[in-house]
Protein chains: 2
Amino acid sequence: MPESIEMSMPEKRKPYEPGVDEIVAGILEGNRRMLSRAITLVESTKPEHESKAHEVLDRCLAVKKETIRIGITGSPGAGKSTFIESLGKEIIAEGLRLAVLAVDPSSSRSGGSILGDKARMETLAAHPAAFIRPTASSGHLGGTSPKTHEAIVLCEAAGFDVVIVETVGVGQSEITVDSMVDFILLLMLPGSGDELQGIKRGIMEIADAIAVTKSDGTQEPLALVSKADSEAALRMLPPKHRFHERRVFLTSSVTGKGIGDVWKEIRDTVASMRRQNILQARRKEQLKKLLYSSLESMLRTRFFSNRAVHAMLPDIEQKVLSDSLSPFSGAKALLEAFQNRT
Amino acid sequence: MPESIEMSMPEKRKPYEPGVDEIVAGILEGNRRMLSRAITLVESTKPEHESKAHEVLDRCLAVKKETIRIGITGSPGAGKSTFIESLGKEIIAEGLRLAVLAVDPSSSRSGGSILGDKARMETLAAHPAAFIRPTASSGHLGGTSPKTHEAIVLCEAAGFDVVIVETVGVGQSEITVDSMVDFILLLMLPGSGDELQGIKRGIMEIADAIAVTKSDGTQEPLALVSKADSEAALRMLPPKHRFHERRVFLTSSVTGKGIGDVWKEIRDTVASMRRQNILQARRKEQLKKLLYSSLESMLRTRFFSNRAVHAMLPDIEQKVLSDSLSPFSGAKALLEAFQNRT
């Protein structure tokens with residue numbers, strides 16, 4: 001009986017789903033569509049995508065290459081996307097390939113309209129040596145997705161020499177991004193009072209360099225003050241790395257001032273970290289953090305897709321809502337169900 | 001053999017540990033030492049404290065009382081502790097008992113020395129109707145501990161009519177605190193540009209009212225500008241509750257200006273929410289969130305205290321660090337060990 005019903009149903013065509021081999025081969029060839037697809041797969045929260053995503057990631061992690069990972073952060077309005085566009089052109093001009101994992105402000109609740117963003121990084125996006133992946137910032141504070149580290153791994157396997165991760169300066173996201181990049185650049189709008197806010201929120205402590213943006217025209221005197229203030233603030237903070245002195249740069253995406261200097265600073269610092277084996281040690285630490293963050297996310301996925309948990313959850317939720325069960329007793333009952341059947 | 005060794009060991013005196021009945025009885029009598037002890041128990045991350053903490057919480061949750069839960073937030077420097085001290089005196093003057101779950105800035109990495117905080121809320125702390133519990137802000141962004149909701153439950157069972165939760169304005173902590181209080185008050189320092197920062201970081205959206213602080217002496221003209229700016233900003237944002245219009249108050253902890261008005265606004269709004277059954281619905285939603293946050297924290301505790309996981313973890317970590325195992329494969333192996341033996 002069920003069979004005949006099945007046979008009378010119109011045939012559904014599933015969209016073509018490439019397998020692990022095809023995805024990995026595509027990534028290694030530098031196929032952007034396949035890279036995008038793999039990032040989407042890795043970001044998926046569906047339990048059935050998990051093991052496929054991990055097979056792809058395992059094989060991409062095995063590809064070894066010397067790359068540079070840059071985190072760029074700053075308050076909304078500090079000119080992040082314009083700055084990244086200018087810096088990106090500088091990087092590409094050296095013959096390097098660049099991937100940008102960018103925050104998409106239009107997807108956050110109120111950010112889009114207030115910031116008035118139009119198409120971002122247009123010139124860079126059109127360049128064959130660049131790959132730009134916008135990440136919806138809604139839901140994840142500051143726009144780093146919990147899978148940003150994984151996306152970096154995929155971009156590097158696809159042959160990108162430099163990966164830029166953009167975040168919004170709200171504290172937690174910077175600390176997260178510090179666990180996945182080699183160098184953090186903090187952008188500062190002249191006269192915005194960002195220096196003190198940056199210190200208080202712990203962002204300045206994790207910066208490897210600061211770029212004061214929009215240092216052109218009538219803004220120049222303000223920019224000079226911001227530079228002096230930032231330098232004073234940096235002197236108050238403990239050093240991030242013993243071997244590296246944090247510098248403050250005056251930059252302008254209009255005149256191009258300072259952009260080359262910032263790139264040189266990043267490139268030279270990362271090269272020096274590599275020579276001293278500091279970069280390698282840091283990346284190992286980061287892999288360890290990735291082990292723990294993967295563990296937590298997989299554990300959560302397994303728990304909520306567990307059959308017994310799934311069956312009990314609506315009833316327990318109802319009892320908690322009607323005050324006949326405490327949240328703690330409810331949680332305990334669900335955990336016991338999870339651990340009794342594997 | 002092992003027995004004789006045990007017998008020859010000098011007897012260790014364990015510090016006296018009160019049982020669940022004794023703790024609960026102490027809390028219900030309003031014994032502060034027992035309340036403090038219970039909060040410490042609940043905040044403990046040791047697996048052996050979990051079930052005792054939950055028994056205490058279950059029994060405290062069963063105590064029903066009409067209380068007011070207030071979240072107070074603002075940038076560092078907005079004058080939170082001085083404001084809370086003034087507001088607290090106003091609340092106590094009405095014969096109500098007040099508990100404050102306060103951020104302790106001296107425990108965060110750089111906050112303490114820069115902010116120059118001395119003893120905070122001294123007068124309030126000395127008052128018999130007040131209970132102040134400082135929470136170390138290090139590790140948890142903005143100072144709400146993952147157990148703040150549980151601490152509120154304990155304070156209410158101990159007979160406190162009003163609970164104030166203080167957070168530092170960094171975004172994530174406000175969104176967390178919104179899931180556990182009835183009313184959020186945003187403090188704003190005159191002329192600090194906090195209005196725009198507040199909008200951008202989503203803090204203003206969750207505020208039920210705004211108090212401009214330090215509106216006295218030479219600061220008054222600036223405070224008026226901040227009030228107008230905040231009112232303009234609020235008009236741009238979607239309403240938080242349909243029934244409630246968000247107001248901006250000028251306040252001074254020096255002259256006492258506006259403090260009574262703020263308290264009246266909070267008390268009347270919460271009373272009106274209660275009459276319309278909105279408060280009850282909101283608190284039920286919050287209990288549901290507490291179910292999920294308890295689940296996640298208990299799941300994590302059980303995982304990392306699992307014998308098989310504990311035994312395998314060092315080896316897997318080592319393999320990930322030496323690049324012979326990917327973090328994803330390592331996580332998978334640990335999860336399988338966890339699920340095979342319960």
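The values are calculated or read from the model by the stated rules, or taken from the named source; none is laboratory data. Here the structure is a predicted model, which means the values were calculated and not measured. Glycine also receives a Cβ, built like all others from the backbone with ideal geometry; neighbour counts cover every protein chain displayed. Heavy atoms of the whole protein, side chains included, go into the accessibility calculation; ligands, DNA and RNA do not. Shrake-Rupley method; radii C 1.70, N 1.55, O 1.52, S 1.80 Å.
How about the stretch A:303-339: which of its residues are of a type in the set (G, A, S) and assigned to a helix (DSSP H, G or I)? Give the steps one after another, and end with the answer.
Just the residues of the stretch A:303-339 that are of a type in the set (G, A, S), to begin with: A:305, A:308, A:311, A:322, A:324, A:326, A:329-331, A:333, A:337.
Within the stretch A:303-339, A:A308, A:A311, A:S329, A:G330, A:A331, A:A333, A:A337 qualify.
When B:S252 is tested against (1) part of a helix (DSSP H, G or I); (2) in contact (Cβ under 8 Å) with a residue 12 or more places away in the chain; (3) more than 24 Å from the chain's Cα centre (by Cα); (4) crowded, with 19+ Cβ neighbours inside 10 Å, only condition (1) is not met. Applying the set (1) more than 23 Å from B:N306 (Cα to Cα); (2) open to solvent by 70 Å² or more (accessible area, probe 1.4 Å) to A:A281 leaves exactly one unmet item: (2). Here A:G217 passes the criteria (1) open to solvent by 50 Å² or more (accessible area, probe 1.4 Å); (2) within 23 Å of B:Q318 (Cα to Cα) except the one numbered (2).
Just wondering, is there one or more residues in the stretch B:315-331 that are open to solvent by 20 Å² or more (accessible area, probe 1.4 Å), of a type in the set (D, E) and at the interface with chain A (Cβ under 7 Å from one of its Cβ atoms)? For the stretch B:315-331, residues open to solvent by 20 Å² or more (accessible area, probe 1.4 Å), of a type in the set (D, E) and at the interface with chain A (Cβ under 7 Å from one of its Cβ atoms): present.
Looking only at the stretch B:54-80, which residues are under 16 Å from B:R97 (Cβ atoms) and open to solvent by 40 Å² or more (accessible area, probe 1.4 Å)?
Step one: filter the stretch B:54-80 for residues under 16 Å from B:R97 (Cβ atoms), giving B:60, B:63, B:65-70.
Those that are under 16 Å from B:R97 (Cβ atoms) and open to solvent by 40 Å² or more (accessible area, probe 1.4 Å): B:V63, B:K65, B:E66.
For the stretch B:129-159, the candidate set comprises residues that are small (G, A, S) and closer than 20 Å to B:E50 by Cα; within that set, the residue that is modelled with the lowest pLDDT is B:S145.
In the stretch B:291-302, the count of residues that are out of contact with any Lys or Arg (no Cβ under 9 Å at 6 or more places or on another chain) and either more than 14 Å from every other protein chain (Cβ to nearest Cβ) or not in a helix (DSSP H, G or I) (or both) is zero. Give the residues of the stretch B:72-89 that are over 21 Å from B:A129 (Cβ atoms) and within 17 Å of the chain's Cα centre (by Cα), sorted by residue number. Within the stretch B:72-89, B:T73, B:G74, B:S75, B:P76 meet the criteria. Considering only residues in the stretch A:97-128 that are closer than 23 Å to A:I210 by Cα and in a loop (DSSP other than H, G, I, E, B), the one that is modelled with the highest pLDDT turns out to be A:M121. Exactly one residue out of B:A271, B:A232 is surrounded by fewer than 17 Cβ atoms within 10 Å (Cβ to Cβ), outside any loop (DSSP other than H, G, I, E, B) and modelled with pLDDT of 90 or more, and it is B:A271. For the condition under 22 Å from the mean Cα position of the chain (by Cα) and outside the structural domain of A:I91 (by TED's automatic domain parsing), A:R267 does not qualify. Away from chain B (no Cβ under 14 Å) and aliphatic (A, V, I, L, M): does that describe A:I278? Yes. Taking every residue in the stretch A:49-60 that is touching a residue at least 24 places away in the same chain (Cβ under 8 Å) and pairing it with any residue that is open to solvent by less than 50 Å² (accessible area, probe 1.4 Å) and among the basic types (K, R), at least 6 positions away or on another chain, yields no pair with a Cβ-Cβ distance below 7 Å.
Within the stretch B:278-295, is even one residue modelled with pLDDT under 95 and of a type in the set (F, W, Y)? Within the stretch B:278-295, one or more residues are modelled with pLDDT under 95 and of a type in the set (F, W, Y). Just so you know, in the stretch A:233-249 the residues that are within 14 Å of chain B (Cβ to nearest Cβ) and closer than 23 Å to A:K80 by Cβ include one that is nearest to the chain's Cα centre (by Cα), and it is A:K240. Contact list please: Cβ distance under 9 Å, first residue in the stretch A:176-189 and in the same structural domain as A:T251 (by TED's automatic domain parsing) and under 24 Å from A:Q276 (Cα atoms), second residue part of a loop (DSSP other than H, G, I, E, B) and among the polar types (S, T, N, Q), pairs at least six apart or on different chains. So the pair list comes out as A:V177/A:T144; A:V177/A:T167; A:M180/A:T144; A:D182/A:T67. Scanning the stretch B:45-77 for residues that are within 14 Å of chain A (Cβ to nearest Cβ) and assigned to a loop (DSSP other than H, G, I, E, B) turns up B:A62, B:V63, B:K64, B:K65, B:G74, B:S75, B:P76, B:G77. Close contacts from the stretch B:298-325, counting a first residue that is under 20 Å from B:P47 (Cα atoms) and a second that is surrounded by fewer than 18 Cβ atoms within 10 Å (Cβ to Cβ) and among the hydroxyl-bearing types (S, T, Y), with Cβ to Cβ under 8 Å and a gap of 6+ residues or different chains, come to B:T301/B:T45. Filtering the stretch A:181-195 to residues that are at pLDDT below 90 and under 17 Å from the mean Cα position of the chain (by Cα) leaves nothing.
The residue pairs whose first member lies in the stretch B:266-283 and is more than 20 Å from B:V165 (Cβ to Cβ), whose second member is open to solvent by less than 40 Å² (accessible area, probe 1.4 Å) and part of a helix (DSSP H, G or I), and whose beta carbons are closer than 8 Å, counting only pairs six or more residues apart or on different chains, do not exist in this structure.
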